[in-house]
1. Starting from segment 404-422, keep only residues that are in contact (Cβ under 8 Å) with a residue 12 or more places away in the chain, then list their pairs with residues that are among the polar types (S, T, N, Q) and assigned to a loop (DSSP other than H, G, I, E, B) whose Cβ atoms are within a distance under 7 Å, requiring at least 6 positions of separation or different chains.
2. Are there helices (runs of 4 or more DSSP H) fully within segment 357-419 with at least 2 residues that are within 30 Å of residue 166 (Cβ to Cβ) and more than 16 Å from the ligand (Cβ to nearest atom)? List them.
3. Within the group 63, 12, 23, 19, which residue is in contact with a Gly (Cβ under 7 Å, 6 or more places away or on another chain), among the small types (Gly, Ala, Ser) and surrounded by fewer than 23 Cβ atoms within 10 Å (Cβ to Cβ)?
4. Applying the selection to segment 181-193, what residues are in a loop (DSSP other than H, G, I, E, B), under 19 Å from residue 209 (Cβ atoms) and more than 21 Å from the chain's Cα centre (by Cα)?
5. Go through segment 200-258 and report how many residues are hydroxyl-bearing (Ser, Thr, Tyr), modelled with pLDDT of 95 or more and away from the ligand (no atom under 14 Å from the Cβ).
6. So which residues in segment 206-242 are under 25 Å from the mean Cα position of the chain (by Cα), part of a helix (DSSP H, G or I) and under 27 Å from residue 303 (Cβ atoms)?
7. Residues in segment 172-180: is at least one in a loop (DSSP other than H, G, I, E, B), out of contact with any strand residue (DSSP E or B) (no Cβ under 7 Å at 6 or more places or on another chain) and among the polar types (S, T, N, Q)?
8. Is there a residue being buried (at least 20 other Cβ atoms within 10 Å of the Cβ) and either without any contact (Cβ under 8 Å) to a residue 24 or more places away in the chain or within 16 Å of the ligand (Cβ to nearest atom) (or both) anywhere in segment 329-341?
Amino acid sequence: MRHIAVIGSGPAGYYTAEACQKAFGEDCRIDVIDRLPVPFGLIRTGVAPDHQSIKNVSRRYEAVALTDNVRFVGNVSVGQDITVAELQDLYDAVVLATGAPADRTIDIPGSDLPGVVGSAAFVGWYNGHPDHADLAPALHGPGAVVIGNGNVALDVARILAKAESEFDGSDIVQHALTALRAAKIDTITLLGRRGPHQIAMTPKELGELGNLSRATPVVDPADFPPVESDDALDPGQRKSVSHLRGYAATGAASDKPIRIIFDFFARPVEIRGQGQVDSVVVERTRLTADGRAEGSGETYEIPAGLVVSCIGYRTPAIPGVPYDEKQGRFANDEGRIAPGLYAVGWARRGPTGTIGTNKPDGYAIAEKIGEDLTGGSGKPGRPGLDSLLAARGIDVVTFRDWQKIDTAEIAAARDGAPREKFTRIDAMLAARGAAAD
Ligand code: NAP
């Protein structure tokens, strides 16, 4: 019998569990351990609440979770409640699928001012992550600056710009909906340190900005290279750039009250304010021959009551696990960290790709486990974990418990919404008892 522990119940974790199950059949027991009492990681607290169709993939993870040889072990924090070394004593393979939930910080003067937040915190706030539910971002406006030109920056800009009715059918948490309803932001500036050809925004997501009821994207036509140069882009990027060209042609003429300004060739150099952010100082850049942004020395100031930095994420280190400080993820060789210890998903390769990218990642790591582990080694597996956690008084949440929490969240949904999430761990734990067995 192969005993496998997967740490993290997001896409990387469940695709790994699925792949191990397919590879080893009845000859394995897989425990998917999560520090939260609720599963699915980024699907629940990262994917935007108005992108429900993307969240449907959790049904596939649920099917895996409900099979006999896979178990969800929630509310157990690896590194605190149990060490990785202890897990390695209990399991033949330990796979770290812990994602990249920490912000890469923007290290410029003033970045610690109140009103400056990272995207992990801001996205976690509107998605009801217990770590960020109390964020209370500054939404007094009139300006907000979003740093970065990736899909997360797009999510943040769109959420700030949407009218309340545009959240119908979403699972945005009530505290965020209430705060956004009262927001007074009319100008959202997206800062890109490079140009339109260098954006990291996918076409579908960028296209959504053109269909918002009260906001319009604004792009300066002067920022584009000649239109013929779009031919050299790959098809997806060409489509994204064609959206931007469309916005450049129409945006400025719109009478919608909120403007989402794409400020290209603009890098933040300082954040100013007296006890709270008031403005961002930006330096004009130009592209170098090898495609990097180079400062021009010319600066200007953008008024902003809120700054959201969307410049990527890091995987938090876990004591005892080799870590690549520069890359912000576990040090690994194609997923192998040490004998019996693996990394998968963002914890392996950094925060790139879509949810689906984690599927081949999960299958690849199962293959490596198969190469390294020809059979079980007689380690204790599940019963060993259970007795250790019981001895430490850890209140473990099972998948059945999660189903009760899920039922309670669905029952609490406002009209048309799929659920109202619990945003506090104690409320999640209490909901296990509230729903009937
Ligand atoms: P990302 O795609 O890596 O984009 C990061 C952005 O931040 C880039 O535009 C980058 O510019 C910029 N940046 C980095 N350091 C900077 C600095 N010091 N100053 C100014 N700008 C800086 O990361 P992400 O947006 O966090 O997304 C993470 C992953 O999740 C991506 O693969 C993304 O596609 C995916 N995602 C997908 C969806 C979806 O499909 N709906 C939604 C959200 C996220 P440079 O290019 O110049 O480095």
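1. 417/170
2. Numbers: elements: 358-372, 382-391, 399-411.
Because the criterion is at least 2 residues that are within 30 Å of residue 166 (Cβ to Cβ) and more than 16 Å from the ligand (Cβ to nearest atom), the helices (runs of 4 or more DSSP H) in segment 357-419 that meet it are 399-411.
3. 23
4. Residues of segment 181-193 in a loop (DSSP other than H, G, I, E, B): 182-186, 192-193.
Next cut, under 19 Å from residue 209 (Cβ atoms) only: 183, 185-186, 192.
Result: 183, 185, 186.
5. 5
6. Scanning segment 206-242 gives 206, 208, 209, 210.
7. Scanning segment 172-180, I find no residue that is in a loop (DSSP other than H, G, I, E, B), out of contact with any strand residue (DSSP E or B) (no Cβ under 7 Å at 6 or more places or on another chain) and among the polar types (S, T, N, Q), so the answer is no.
8. The answer is yes; a qualifying residue exists.
The values are calculated or read from the model by the stated rules, or taken from the named source; none is laboratory data. Model, not experiment: these values are computed from the prediction. Backbone-built Cβ (ideal geometry, glycine too); neighbour counts: all protein chains shown.
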